[in-house]
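What follows is a set of notes on a single structure, which appears directly below.
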Amino acid sequence: MVESGSEAVVVSASLDACFAMTIDFEKYPEWAHDVKQATVLTRDASGRPTVVEFRASALGRSTHYTLEYDYSHAPNKLSWHMSDGDIMRSIVGSYTFETAGAGTRITYDLAVELVIPLPGFVKRRAEMRILSTLKELKTRIES
């Protein structure tokens, strides 16, 4: 079963600054609590990461997954999907960036399907952890 969530936050920074920080995947372990390693495997002609392998903590264990990024609506939207993973069957997500006054509204949408079913309270706790990444991104951009 696919579990999905959405969260939005306004960041005190320009849309371009928010987008640039979001695609700096190699620095995610510095600010995203659950991301332990991010390795860029391929880049597009503009030098933007297109395939990134992650090692993260999830549900009390280490997990590995590879995401492929779509820049077709950049810098207003960054989308991704999982091409390989161990405990997830699929991950589909996006960040949407919209100018909001002097700042930027970032909306984080994520849908995850795990290989094994989990009890409801565990899924809710995991969803809260995943969506907290947006708050960690806001803190990083504004620091």
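Rule-based calculations on the coordinates, nothing more; no lab input. Note that the structure is predicted; figures quoted are calculated from it, not measured. Note: ideal-geometry Cβ built from the backbone for every residue, glycine included; neighbour counts use all protein chains shown.
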Here the qualifying pairs (Cβ atoms under 6 Å; residues six or more apart or on different chains; first in segment 18-32 and closer than 20 Å to residue 105 by Cα; second aromatic (Phe, Trp, Tyr) and surrounded by 19 or more Cβ atoms within 10 Å (Cβ to Cβ)) come out as 18/97; 19/97; 22/95
Going through segment 1-23 in order, the residues found to be acidic (Asp, Glu) and either surrounded by 14 or more Cβ atoms within 10 Å (Cβ to Cβ) or part of a strand (DSSP E or B) (or both) are 3, 7
Residue 109 - would you say it is touching a residue at least 24 places away in the same chain (Cβ under 8 Å), in contact with a strand residue (DSSP E or B) (Cβ under 8 Å, 6 or more places away or on another chain) and either of a type in the set (D, E, K, R) or farther than 18 Å from residue 140 by Cβ (or both)? yes
Does residue 32 satisfy being of a type in the set (A, V, I, L, M, F, W, C), closer than 28 Å to residue 115 by Cβ and in contact with an Asp or Glu (Cβ under 9 Å, 6 or more places away or on another chain)? yes
It is to be established whether one or more residues within segment 40-47 are over 21 Å from residue 139 (Cα atoms), loosely packed, with under 13 Cβ neighbours inside 10 Å, touching a residue at least 40 places away in the same chain (Cβ under 8 Å) and of a type in the set (Gly, Ala, Ser). no
Output yes when any residue across segment 24-39 is in contact with a Gly (Cβ under 8 Å, 6 or more places away or on another chain) and crowded, with 18+ Cβ neighbours inside 10 Å, and no when none is. no
For segment 56-67, check the following and say yes or no: at least one residue is closer than 23 Å to residue 12 by Cα, surrounded by 15 or more Cβ atoms within 10 Å (Cβ to Cβ) and not hydroxyl-bearing (Ser, Thr, Tyr). no
